[in-house]
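Below is one structure, written out as structure tokens; comments come after it.
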Amino acid sequence: MKKLVIYPYELVSESGKLLAETFNAKKVRPDGNYRPQNDEIILNWGMSETPNWEGMVGNIKVINHWDAIKVSVNKLKTFEKLKAAGVNIPLFSTKIDDARQWIQNGDVIVCRKILCGSQGDGIVICKNLEELNVAAPDTKMFVRYFKRKKEFRVFVANGEIFDFSEKKKKEDFDGEHNTFVRNFAGGYIFARQNVVLPEIVKQQSIAAAAALNLQITAIDIGYNESQNLAVVFEANCSFAFDAGTTTFESVKKIINKFLEINENPIPAAITASPKIEVTPIIAPSNQLCKNKLKDEIYKLNGITEIEFRSVDNTLKVYGKVAGRNNLIKILEINNPEISHFWED
């Protein structure tokens, strides 16, 4: 099993700290003395900064690469990426004229003054032209408010949903609930009881995670029931949770699966390699033999390149698996006559 290394957006991150304690993992800095090792897997917990040890990573697996995080933490880049991939998002623009037109059409505008903010930082809600003109000068991004009754947080890992919750009004909240920015400060909590996730929400959440190249993330997504329309608001890559919660237990299972993965996986079909008939395909020349064996191996899913090596009366056949740069051993033939026959 691999060892976990956590690259957090900040060393004091509570969820990052909990994961480090749970997996006995070290937390590393972007500019520290860390040197990646082949028996490690790096979990990037929301850090967009490229580390000074990037050139040493090689084939070591990075969960949520910093290049992907650079996009997901920036609301404008996120929307541009999702739009290009065909994922549903609210209408947005960097032009004030577009926002003015939306206002005149009776829409509400969400002005974002901070593109990499969280918890509603830098958001100004504008309901008329006067408010919009006041907010516009330092606004980085205008978003047309998406009308909905429901908003979900959907947790996705490797293309599958492993948890979800719905943002619901906190009943004993002392104040007016903010339907425009649904967070704890606005009187909303994450609820799991009696929550049903619409199919379109599932589809768009999975599509968003894939488009942003995130292996584990929490997608915030709104749902308009009358239109059966779901739009993605953002992707969270250092989401919060407490020990013992449903989310925490699910994240533990997901990370354990990552740690158990062989970094040079042999496709399932190759495990049946003894079924390859080696002796009967011996032909008048070693090159013809190789070609025949190659034909058999290429029938197995995922092999893109083959190399033969004859060492100490043993023929070893190596290949490259799709998506990997390094060779893996596919087949070993312990037969002096056959091994000698294949030598160049």
Check: Looking at (1) surrounded by 15 or more Cβ atoms within 10 Å (Cβ to Cβ); (2) on the phi > 0 side of the Ramachandran plot, which is the only condition S72 fails?
Finding: (2)
Note to self: For a quick check of your reading of the model, give me the residue pairs whose first member lies in segment 4-19 and is under 13 Å from G32 (Cβ atoms), whose second is among the charged types (D, E, K, R) and at pLDDT 90 or above, with beta-carbon atoms closer than 6 Å and at least 6 apart or on different chains.
What the structure shows: V5/K26; V5/E40; I6/K27; P8/K27; L11/K27
Next item on the list: Of the conditions (1) in contact with a Lys or Arg (Cβ under 9 Å, 6 or more places away or on another chain); (2) within 24 Å of A210 (Cα to Cα), S13 clears all except one; give me its number.
Entry: (2)
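Tell me the residue from F152, F146 that is assigned to a strand (DSSP E or B), out of contact with any His (no Cβ under 9 Å at 6 or more places or on another chain), in contact (Cβ under 8 Å) with a residue 40 or more places away in the chain and not β-branched (V, I, T), please.
None of the other options fit; the residue is F152.
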Item checked: Exclusive hit being touching a Pro at 6+ places or on another chain (Cβ under 6 Å) and either touching a residue at least 60 places away in the same chain (Cβ under 8 Å) or buried (at least 20 other Cβ atoms within 10 Å of the Cβ) (or both), set P90, P51 -> P51
Note to self: I'm told G106 meets every condition in (1) assigned to a helix (DSSP H, G or I); (2) surrounded by fewer than 17 Cβ atoms within 10 Å (Cβ to Cβ) except one. Can you identify the failing condition by its number?
What the structure shows: (1)
Check: Which of the residues spanning segment 109-135 are in a loop (DSSP other than H, G, I, E, B) and of a type in the set (V, I, T)?
Finding: I114
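Each row is one residue, and each column tells you yes or no for (1) at pLDDT 50 or above; (2) under 22 Å from I60 (Cα atoms); (3) loosely packed, with under 15 Cβ neighbours inside 10 Å.
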{"site": "V231", "(1), (2), (3)": "yes, no, no"}
{"site": "F248", "(1), (2), (3)": "yes, no, no"}
{"site": "K253", "(1), (2), (3)": "yes, yes, yes"}
{"site": "L259", "(1), (2), (3)": "yes, yes, no"}
{"site": "T271", "(1), (2), (3)": "no, no, yes"}
{"site": "E277", "(1), (2), (3)": "no, no, yes"}
{"site": "A283", "(1), (2), (3)": "no, no, yes"}
{"site": "L293", "(1), (2), (3)": "yes, no, no"}
Note to self: Looking at segment 19-52 only, could you name the residues that are of a type in the set (F, W, Y) and under 21 Å from the mean Cα position of the chain (by Cα)?
What the structure shows: F23, W45
Margin query: Considering only residues that are small (G, A, S), part of a loop (DSSP other than H, G, I, E, B) and within 21 Å of Y7 (Cα to Cα), which ones fall in segment 40-97?
Written below: S48, G58
Note to self: Out of N33, N44, N38, N59, I need the residue that is at pLDDT 95 or above and polar (S, T, N, Q). Which one?
What the structure shows: N44
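The values are calculated or read from the model by the stated rules, or taken from the named source; none is laboratory data. Owing to the predicted nature of the structure, the values given are computational and were not obtained by experimental measurement. So basically every Cβ, Gly included, is an ideal-geometry build from the backbone, and we count neighbours across all protein chains shown.
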